[in-house]
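To start, the structure itself, in structure tokens.
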Amino acid sequence: MPQIRFEKVAFGYIDILFSNVTLTIGDNDRIGIVGNNGCGKSTFIKCIAGLIDPLEGRVFFPKGLKFGFIEQDIPKQLMDKNLYNVISDAIPEEERDHSIWKIENTLDVFKAPLTIRQKTIKELSGGWQRLALIARMVLSHPDILLLDEPTNHLDVAKILVLEQWLNEQVYNIPLIAISHDRTFLSNCTNKTFFLRGTEIREYNYSYSRAKQLLLEDDHALSARRAKELKELNRLKRSAHDLRQIGVNNYSDAALKKSIQMAKRAEGMETQLTNIHVEEKRSIKLSNSGIHTKRLIGMKNVDILTPEGAVIFHISHLDIMQGERLVIFGANGSGKSQFLKYIKNAMRDIDSARTLGMTITPSIKMGYIDQHLSHLPFNIFLHDYFNDEFSLGNQKITSILVNAGFPISIHRTKIGVLSHGQRARVAFLMLHLQQPNFYVMDEPTNHLDIDGQEQLESEILEQGAASIVVSHDRVFSENIGTKFYEIKDMKLLAIDHPDFFYKNILQSSNSKATL
């Protein structure tokens, strides 16, 4: 059904986020919306859904258009309902008795185990809460899908299931998705909107190709502006030289020509090609260096739960200088517990030897966990860094500003910052601590795509050994030098992440009752 049209639309709340937007959303469009944290992506999708009115221009909707809109947050009124009822509520009450098969089939499509179907939403993991909203939306038979960060809180298995559903079950329904998951965008969309500054750049390709074209266009625009600036400077110099000649030689003709040339320069200055300059929000890492070749050795080590039960066994593992290990495994297989085990072992190297681990004494660890729970949420941003490094107020202020934290938030408690800002706090602390070995659990959580790509570049450039758990498929493939899977209570080497993705999707499909 959709032919949604924007005609010279400006939208925002107090301030205008985007202006002069003219675009069409067609029947076969599957659009990925990409932009940095805080740029207005959620506001844009709400404008598409008709939930906020444009400040200028008009948005045209087909009569009777039905939206399937999934926001980032779970509605509070659903928290005490069980999964089955949340989904069945999408069907009109008079039709529910005859539609039980639809409800069951939808739960089967999303691979929902029987054990969770009667649990309340608040008892479910963030991933299942997310899929519950999507499954509920499916049964409402929307004409267009609007998904705000659909892969948030999903492990790789659930992301693969979601992609399969979008591409096979509802391939004929237009889709608009905000996402920081580059693989998801490349797999599930055919058009990309980049939200930058107050403009929207549109490309008729999925993310990977669209990003290449965006960079090529940026390069061409920068080259054009450089050429224009060169000509502008030439005109200004000529106008200045003619004025000097006119004054020195009492030449009215030279003065007149100087004025004409200066006016041309003024006019040209107002017509310069605009180029987009990203806000300064860099992620930097460090590598203090280490001479030892083998940093960590493990032989016949059991990774345990906090209660002492064995999660999986490591027969032999060496982590060498410069190696970057990426650990895969199904949800609950013990990936995060493994990283915590290594972190704790590094804090007591002598005790680690009794557990079958050898750790070089010169290792200096940098650690980040997926929930950023290691950050002190009740401490002011400025004080956190000042207490850690004692560099003085002026130096800390300069460091924070250069890292993209404006002075206005330096006296804000870390717990009040957005998730994206907290992630950048954690990476700035790692940079200043100058480790030579990184332990990172889901480090791309809360980072926009720009931040993910900066982090990748820094990891590769610094060259420090690392052990990483990540559901970000592009990130994992780009930074990893060795890959391991936790399977059947063992840590096993695999040649490439694709082996894990293929196996886990096949496993999910074999468990579904269709």
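What follows is calculated from the coordinates using simple rules that are stated; it is not laboratory data. For clarity, every value in this text was computed on a predicted model and none was experimentally measured. Methodologically, a virtual Cβ is constructed for each residue, glycine included, from the backbone with ideal geometry; neighbour enumeration extends over all protein chains shown.
In the chain, the longest principal axis of the Cα atoms and the axis of helix 393-402 are about 90 degrees apart. When the trypsin sites (Lys or Arg not before Pro) in the stretch 365-460 are filtered for DSSP coil states and for at most 10 other beta-carbon atoms within 10 Å of their beta-carbon, the remaining sites are Arg411.
Projected over every direction and averaged, the convex hull enclosing the alpha-carbon atoms of the stretch 97-208 yields 8.3 nm². Using only the alpha-carbon atoms, how far is helix 156-168 inclined from the longest principal axis of the chain? Give it as 0 to 90 degrees, nearest 10. Approximately 70 degrees, to the nearest ten. Counting only alpha carbon atoms, the long axis of helix 419-433 and the longest principal axis of the chain meet at about 90°.
Enclosing the Cα atoms of the chain in their convex hull gives a volume equal to 202 cubic angstrom per residue.
With neighbours defined as other Cβ atoms within 10 Å of a residue's Cβ, the residues Tyr341, Tyr501 order from fewest to most as Tyr501, Tyr341. Cross-link candidates for Lys119: which lysines have Cα within less than 21 Å, leaving aside residues fewer than 8 places away along the same chain? Result set, ordered by chain and number: Lys76, Lys81, Lys102, Lys111, Lys158, Lys511. Across the stretch 49-141, the convex hull enclosing all Cα atoms gives 125 Å³ per residue.
Take every DSSP beta bridge whose two residues both sit in the stretch 4-210; close to 50 percent of them are antiparallel. Computed over the stretch 213-271, the range of Cα coordinates on each principal axis works out to 54, 15, 10 Å, biggest value leading.
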